[in-house]
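This report concerns only the one structure given below.
The values are calculated or read from the model by the stated rules, or taken from the named source; none is laboratory data. What you are looking at is a predicted structure, and each value in this text was computed from that prediction instead of being measured. For neighbour counting, all protein chains shown are included, and Cβ atoms are generated from backbone atoms with ideal geometry for every residue, glycine included. Surface areas here come from the heavy atoms of the whole protein model, side chains and all, with no ligands, DNA or RNA. Shrake-Rupley method; radii C 1.70, N 1.55, O 1.52, S 1.80 Å.
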Amino acid sequence: MSNGINWYQADLRELKFVLLEQFRYGEIAGRAPFEAWGVEEATAVLEETYRFAREVLGPLNTSGDREGCRLEGGQVITPKGFKDAWRKLYETGFKTVSVRPEHGGQGAPHALQCLIEEILSGANPAFNMYPGLAFGAAELIAECGTAAQVRRYVEKMYNGHWGGTMCLTEPQAGSDVGAAKTIAIKNGDGTYRIRGTKIFISGGDHDLAENIIHLVLARAEDAPAGTKGLSLFIVPKKRINPDGSAGQSNDVQVGSIEHKMGINGSATCVLNFGDNDQCIGELVGGVENAGMSQMFRMMNGARIAVAVQGLGVLSTAYLNALAYAKERKQGAHFKFWKDPNRPRVAIVEHPDVRRMLLEMKAVTEGIRALLVKLTTHLDRSRQLAGVDDPKATYHRGQVELLTPIVKSYSSDAAFRLSAQAIQVYGGAGYLKDHPVEQCCRDAKIFSIYEGTNHIQAMDLVGRKLGQAGGAHFQDFMRDIGEFVAQHRANPRYGSAVEALAAAQESIMQSAMVFFGWSQSDKLHLIPLNANRFLSLMSELAIGWLLLDAALIAETALESLPATHSDRPFYEGKRWSALWFARNVLPDVEHGAKLIAAEDSSPVEIPLEAFSTH
Ligand SMILES: Cc1cc2nc3c(=O)[nH]c(=O)nc-3n(C[C@H](O)[C@H](O)[C@H](O)COP(=O)(O)OP(=O)(O)OC[C@H]3O[C@@H](n4cnc5c(N)ncnc54)[C@H](O)[C@@H]3O)c2cc1C
């Protein structure tokens, strides 16, 4: 039984490479508004986070999964050890690294927080949901709340005194958020009485913090139907006393907790608001009917956070599969596989196992690069606002464009490649004695919550491609075009760069195909092909960033002596990029052809023809 064992491991060398060498953290670090956060500080906090993750969170991952959460007397009890881990986590300050100093934070770049979150989620994704949601809810109130709301809630939520949730989903309102029926009735003193049921609420209740601040989408009386009529309310579990402390119950009841496939340490709750008509909420920012745009602030951050969760779990699955493959002996070397007298070799010597591992390595590194790129765009946009506004707008636009891409690609890859990690282990991987079956179960939800991956794909093709007159998409393509022009003659990477150029051309053509459909009576082809297009865009982005990393690694290799311990690491970068360019980038051209073929079978097949049962 693996309870209490730490399975977590990270490749810190790789994390530092992406942050410091590929995305040149040194250029933004140590300058306003990130004055206190130079390269040394960043490196130190990553090392400390890793130590904490291995010692505190990793050992609670399996036990939290086995024990799950339970409901006792209306209160959710989290798995053994979670409460202590919560306290210790907030003592370290890791959750406030990128929080602005005016909210009690440390003012570091988001790119650094992104890697801290990768480590925390990679060690224990279920646990990290609780502080993650508190962080996101605090961020929303910090951005959209009134000055009094910011004072009352934000710092306490950032520092772990209070938790937080986002409450959108109702039984009849999942992807269709606008169908929400929860209502808000004016009290006449500026507050509202909230009534309704929300389902699937992550961290909807727990025993980790003194209070929980729910952000609840509800409809005020006489508000219009659909998303336009939704307002966002701050609804504490316990009412806030005049001195700011948590007071009496606010009539928020936990109906039940769900029994799920994965992230079992994270309580997914049915919450009943106002069963006794005593649930008081206040409007975020004091504005009615602005709920969806306010919630989108949190959802954009949460979509990036889900991609980070995917990366964390995928990295854990990969590194454990790699370690196992080096240990497990089975069969002779493939050149002598029929000779029973040959010594057994570790399975990592078998070509097919190496193929699986190299795919996992390349995709993990590619997603990490994409996430650090995205968060660096966020940091640079902040740094350049008011200094070079057109540049700041460019960076902001890339964040918009890349968010649905990284959310979907990372979440799908985490599940698919965690399943592949099980395959690397063979039968042992299917057992609970090893961590990869849990990785696979935990990862499945990532493609569903925070907007299913189809919702992400529609966001990409329906909004982001044409946003700002298509500027974000064109900027992205221009960046890749410049890279291709600069490196297509490279002796080692020339053909890989050509594969990138061909993939880019295919994406351009597909984008035109989508545009054509939007102007025609073939609108059904847009949702039919959106997911495929998003996958192809992701592969283009990942292929580009892996090649970029490989070229940086080549430069480093040129100056390293033959015996230097960093050489294998940099050589690994070469193989990730070449494998991806040779085995995945050609799929983009093929996928674009399938898009252009305009197959409508899924909407043409009569419903009755799916099955005659
Ligand atoms: C473990 C867990 C934690 C969660 N945490 C939270 C949380 O903290 N807060 C919260 O508010 N919610 C949370 N959710 C809810 C989650 O966000 C929803 O499950 C998700 O948005 C999908 O909604 P649904 O389950 O009702 O599926 P549905 O909306 O019924 O979708 C079912 C399928 O139909 C597709 N579909 C739906 N509508 C369309 C359409 N118009 N066009 C094309 N396809 C469509 C979907 O893509 C999906 O494949 C959580 C869910 C789980 C399981």
(message) Anything in segment 195-214 that is closer than 18 Å to GLY247 by Cα and part of a strand (DSSP E or B)? List them, or say none.
(response) ASN211, ILE212, ILE213, HIS214
(message) Condition first: within 16 Å of the ligand (Cβ to nearest atom), open to solvent by 10 Å² or more (accessible area, probe 1.4 Å) and touching a residue at least 40 places away in the same chain (Cβ under 8 Å). Now tell me which residues in segment 142-169 satisfy that.
(response) MET166, LEU168
(message) Which residue is farthest from the ligand (Cβ to nearest atom), if the candidates are limited to segment 430-464 and must be crowded, with 24+ Cβ neighbours inside 10 Å and not in a helix (DSSP H, G or I)?
(response) PRO435
(request) Give segment 570-587 a look and list any residue that's of a type in the set (Phe, Trp, Tyr), open to solvent by 10 Å² or more (accessible area, probe 1.4 Å) and under 26 Å from the mean Cα position of the chain (by Cα), or say none. (result) TRP575, TRP579
(request) Could you run through segment 182-201 and say how many residues are touching a residue at least 24 places away in the same chain (Cβ under 8 Å), among the charged types (D, E, K, R) and under 13 Å from LEU283 (Cα atoms)? (result) 2
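One line per residue, one yes/no per condition, for (1) of a type in the set (Ser, Thr, Tyr); (2) more than 12 Å from the ligand (Cβ to nearest atom); (3) touching a Cys at 6+ places or on another chain (Cβ under 7 Å):
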position: ALA173; (1), (2), (3): no, no, no
position: ALA180; (1), (2), (3): no, no, no
position: TYR192; (1), (2), (3): yes, yes, no
position: LYS198; (1), (2), (3): no, no, yes
position: ASN211; (1), (2), (3): no, yes, no
position: VAL216; (1), (2), (3): no, no, yes
position: ALA220; (1), (2), (3): no, yes, no
position: SER231; (1), (2), (3): yes, yes, no
(request) Look at segment 407-429 and say how many of its residues are open to solvent by less than 10 Å² (accessible area, probe 1.4 Å) and out of contact with any Lys or Arg (no Cβ under 8 Å at 6 or more places or on another chain). (result) 10
(request) Residue by residue through segment 200-209, note down the ones that are within 15 Å of the ligand (Cβ to nearest atom) and either open to solvent by 10 Å² or more (accessible area, probe 1.4 Å) or aromatic (Phe, Trp, Tyr) (or both). (result) PHE200, SER202
(request) Residues that are at pLDDT 95 or above, touching a strand residue (DSSP E or B) at 6+ places or on another chain (Cβ under 7 Å) and within 23 Å of ASP566 (Cβ to Cβ): find the helices (runs of 4 or more DSSP H) completely inside segment 7-57 holding 3 or more of those. (result) none
(request) Determine whether segment 562-569 contains at least one residue that is in contact with a Ser or Thr (Cβ under 9 Å, 6 or more places away or on another chain), open to solvent by less than 50 Å² (accessible area, probe 1.4 Å) and part of a helix (DSSP H, G or I). (result) no
(request) Quick one: in segment 265-293, of everything that is open to solvent by 10 Å² or more (accessible area, probe 1.4 Å) and either of a type in the set (Lys, Arg) or in a helix (DSSP H, G or I) (or both), which residue is farthest from GLY451 (Cα to Cα)? (result) GLY286
